[in-house]
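The values are calculated or read from the model by the stated rules, or taken from the named source; none is laboratory data. Treat the numbers as computed from the prediction; the structure is a model and nothing was measured. Quick reminder, even Gly has a Cβ in these numbers, built from the backbone with ideal geometry, and neighbours come from all protein chains shown. When the accessible area is computed, the model is the full protein with side chains, heavy atoms only, and any ligands, DNA or RNA have been set aside. Shrake-Rupley method; radii C 1.70, N 1.55, O 1.52, S 1.80 Å.
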Amino acid sequence: MLPALEIHDMTVAYHRRPVLWDIDLAVPEGKLVGVIGPNGAGKTTLIKAVLGLTPLASGKVEIYGRPYRQQRRLVGYVPQRESVDWDFPVTVRDVVLMGCYGRLGWFRRPGRAERQIADRCLEQVGMTSFARRQISQLSGGQQQRVFLARALAEEAKIYFLDEPFAGVDAATESAIVNLLQSMRHSGKTVFVVHHDLQTVREYFDYVILLNLRLVACGPVAETFTPDNLHKTYGGRLTLLDEVAEAMRQRERAR
Amino acid sequence: MIALWASVSDARMFPTDVHQRSTTTTGRITPSQTHDHSTMTGLTLSDKVTLGAALLGGAAGVVGSFAVLRRRSLMGDMLAHASLPGVCLAFAITESRNLVGLSIGALVSGLAAITLVTLVTRLTRTKEDAAIGIALSAFFGLGIVLLSAVTRSRAGGNSAGLNSYLLGEPGNMVDSDLWLLSAVGATVLGVVLLLYKEFKLVAFDPQFARSQGWPTLAIDLGMMAAVAVVTIIGLPIVGVILMAAMIILPAATARLWTNRLNVLLAAAGAIGAGSAALGVRLSRGLPTGPTIVLTGTALFLLSLLLAPGRGVLARIVAETQLRLRIGRENLLRSFYELNEPALPGTRLIAYDELRADRHWQPWLLRWLLEQSIRRGLIERRRDSYQLSPLGTRRAAEAAKTHRMWEIYMMEFAGSAADHVDRSADTVEHLLPEGVVAALEQRLAAEGRLPAIAADVPASPHAM
């Protein structure tokens, strides 16, 4: 079977300085994938390069065996929450409807069918009662749920989430994790940029360990090892503490 | 608008110095002009100017909304200022005041400025606002120099009208201008209606739009092009210096009144048209362009004060109400806590004891006490106060709500313990029932559950 995402020899540069070197990986369908690495490791860049938002210096990206350009309809995207102006004059439902814009194409306006999709997606993230709210009245967790609902409205097979747990409350985090896991059960592949090493084993079944180059990519049980984490985080002391904590958690889980 | 240039009588001076000009004649509707033209529309000049300014204001308001929402307000300002050298060069090359030629010149130098800013921000470490500021003043400076050179070399006569690009000459409006403005207005409206969805998406979240495959650069350019066309059409009417206000003010004003994009666009168009028309009517004997801008500014300031939700007054009222509500709750809690050892009996509490319980400002405490007496929550005996039966119930409720919040925030939400006291609201409405029940159990186990709140009067049917 074709891998959901395949990256060959990908190098990405910002201002003539490479930020990702020779990335080579393949992720099979139906996985919940954590993209893990220290700050500045190129996690967001990896996602943006896959989505064609950042130009590749070399290499290629394939979604189900074909270039992203031909497979856009299969991909859903949740950008970082801070990347937009939350004081923009639109309602929650307007934002979710934007997930349907790609399918609608030029000039066509969202109609009843799209509104039903939007309402269903809002229900999935538990935001139905907020549909008519202006988006500036939302908390951080609610904003994240709205972004997730918008990605759901894209009705994709592969999803890329950029730090969905940054600055959200615990209730939202667990609601999002539940939703992601149910998405995986229905055959979707979900990539999540993630920071918290302690929850990696609990949330994901596949990891991409990244630090400017690919450290490891594979199932959590085999890949999320102290050795690989050390390679990923190097000698950063505070982070090593976190790793130690993650290891303790792992021992307890056994 | 060709006649715009031809109509300027040679008697008007074309000094080489801008300041000198601005003190002489700047865009006034002079009585002599009212009879200048035979008209197809049968409108008087003053009506024509009003109508033309309104059309321009409406179009500028609509396209300006996207510029403002996309945080590109300054781009419009730069575009207007940067068009001046193009106007002068176009005049020098074509040696005519043909509007088409001048507008193309304006567009070219405006676009050159935008390209320059884009390149400088991309390739160097200069930030966009600095780059815009530099390009704006450099192009404008060049424009003034060229203007003075052109007017001097032609010895006045033929270059007549170029100066109107500085502060605008709405008094020169003729029928063809009106048709042009109507056409531009209709086109802008059509484009915005057609591309509403695309503009909205790119203005809100360009990265997400690109992930869906939208050509965001082209859509962005389309938005900017609409701004550019309206700006350049507006230059002869309000002038290079003030055109940006026509783009920015209506959208900024409308944003104060609405949270919906479609309403915002309609409102910005109406506000732009209205303030332009009103500005023309108010400008008798005054320079018209600046009067329009000042009218728009007045409308903006008024909205800033009065708009519901976002206005200054609305916010003061909301804040005061919140403070008073917190004050009332705190007073009831004080009463409850001071009475707590003796409950269910209540005792007289002296004013000084109340004041010492919290850091009350005396006037606020007095005022809240008066209010509570009027509501039948407390009774007064000289300078002491006692809870009424109704007040006792309310006080118990307030105390219960507050304590549940405290426990919730410390135990369930992991917030910093010293922030807990600030926000007390009806806990029952915001938290799931299971959590509320757990909180009540915790309070009861600690012996801190205000018991009276649970006392519900017996049903009248049971009697």
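Does residue A:76 fit the bill of being free of Cβ contacts under 8 Å to residues at least 24 places away in the same chain, touching a Phe, Trp or Tyr at 6+ places or on another chain (Cβ under 7 Å), within 25 Å of residue A:5 (Cα to Cα) and within 11 Å of chain B (Cβ to nearest Cβ)? Considered against the rule, which asks whether it is free of Cβ contacts under 8 Å to residues at least 24 places away in the same chain, touching a Phe, Trp or Tyr at 6+ places or on another chain (Cβ under 7 Å), within 25 Å of residue A:5 (Cα to Cα) and within 11 Å of chain B (Cβ to nearest Cβ), residue A:76 comes out as no. The numbered conditions (1) surrounded by fewer than 24 Cβ atoms within 10 Å (Cβ to Cβ); (2) within 14 Å of chain A (Cβ to nearest Cβ); (3) under 16 Å from residue B:58 (Cα atoms) are all true for residue B:259 except (3).
Please enumerate the residues belonging to segment A:161-209 that are farther than 18 Å from residue A:39 by Cα and within 14 Å of another protein chain (Cβ to nearest Cβ). Those that are farther than 18 Å from residue A:39 by Cα and within 14 Å of another protein chain (Cβ to nearest Cβ): A:168, A:169, A:170, A:171, A:172, A:173, A:174, A:175.
Scanning segment A:42-85 for residues that are surrounded by 18 or more Cβ atoms within 10 Å (Cβ to Cβ) and among the acidic types (Asp, Glu) yields one hit, A:62.
Matching residues to (1) open to solvent by less than 10 Å² (accessible area, probe 1.4 Å); (2) without any contact (Cβ under 8 Å) to a residue 60 or more places away in the chain; (3) not in a loop (DSSP other than H, G, I, E, B):
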residue	(1), (2), (3)
B:231	yes, no, yes
B:255	no, no, yes
B:268	yes, no, yes
B:276	yes, no, yes
B:293	no, yes, yes
B:297	no, yes, yes
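If you go through segment A:172-191 and pick out every residue that is part of a helix (DSSP H, G or I) and touching a helix residue (DSSP H, G or I) at 6+ places or on another chain (Cβ under 7 Å), you end up with 4. Listed by position, the helices (runs of 4 or more DSSP H) inside segment A:193-235 whose residues that are in contact with a Lys or Arg (Cβ under 8 Å, 6 or more places away or on another chain) number at least 1 are A:200-203, A:220-223.
In segment B:59-75, of all residues being open to solvent by 10 Å² or more (accessible area, probe 1.4 Å) and under 17 Å from residue B:117 (Cα atoms), the one that is modelled with the highest pLDDT corresponds to B:70. For segment B:283-305, indicate whether the set of residues that are more than 30 Å from residue B:54 (Cβ to Cβ) and of a type outside the set (Gly, Ala, Ser) is non-empty. Among the residues of segment B:283-305, not one is more than 30 Å from residue B:54 (Cβ to Cβ) and of a type outside the set (Gly, Ala, Ser), which makes the answer no. Looking only at residues of segment A:93-113 that are within 11 Å of chain B (Cβ to nearest Cβ) and of a type in the set (D, E, K, R), we find that the one that is surrounded by the fewest Cβ atoms within 10 Å (Cβ to Cβ) is A:109.
When A:12, A:35, A:90 are checked against the criterion of being surrounded by 19 or more Cβ atoms within 10 Å (Cβ to Cβ) and under 25 Å from residue A:180 (Cα atoms), a single residue qualifies: A:35. Across segment A:117-146, the number of residues qualifying as in a loop (DSSP other than H, G, I, E, B) and open to solvent by 20 Å² or more (accessible area, probe 1.4 Å) comes to 4. Within segment B:184-224, the residues that satisfy the criterion of being of a type in the set (Gly, Ala, Ser), open to solvent by less than 50 Å² (accessible area, probe 1.4 Å) and either outside any loop (DSSP other than H, G, I, E, B) or more than 8 Å from chain A (Cβ to nearest Cβ) (or both) are B:185, B:190, B:203, B:209, B:211, B:222. Do we find a residue being modelled with pLDDT of 85 or more, over 19 Å from residue B:162 (Cβ atoms), open to solvent by 10 Å² or more (accessible area, probe 1.4 Å) and in the same structural domain as residue B:290 (by TED's automatic domain parsing) anywhere in segment B:76-89? There is at least one residue in segment B:76-89 that is modelled with pLDDT of 85 or more, over 19 Å from residue B:162 (Cβ atoms), open to solvent by 10 Å² or more (accessible area, probe 1.4 Å) and in the same structural domain as residue B:290 (by TED's automatic domain parsing).
Quick check on segment A:147-160: of everything there that is not aliphatic (A, V, I, L, M) and not in a helix (DSSP H, G or I), which residue is farthest from the other protein chains (Cβ to nearest Cβ)? Step by step, filter segment A:147-160, then rank; the result is A:157.
For residue B:344, the criteria (1) part of a helix (DSSP H, G or I); (2) loosely packed, with under 14 Cβ neighbours inside 10 Å hold in every case but one, which is (1).
Condition check for residue B:376 on (1) open to solvent by 50 Å² or more (accessible area, probe 1.4 Å); (2) at positive phi: one failure, at (1). Scan segment B:309-326 and give yes if some residue there is without any contact (Cβ under 8 Å) to a residue 60 or more places away in the chain, among the acidic types (Asp, Glu) and either open to solvent by 70 Å² or more (accessible area, probe 1.4 Å) or in contact with an Asp or Glu (Cβ under 6 Å, 6 or more places away or on another chain) (or both), otherwise no. Yes, because at least one residue in segment B:309-326 is without any contact (Cβ under 8 Å) to a residue 60 or more places away in the chain, among the acidic types (Asp, Glu) and either open to solvent by 70 Å² or more (accessible area, probe 1.4 Å) or in contact with an Asp or Glu (Cβ under 6 Å, 6 or more places away or on another chain) (or both).
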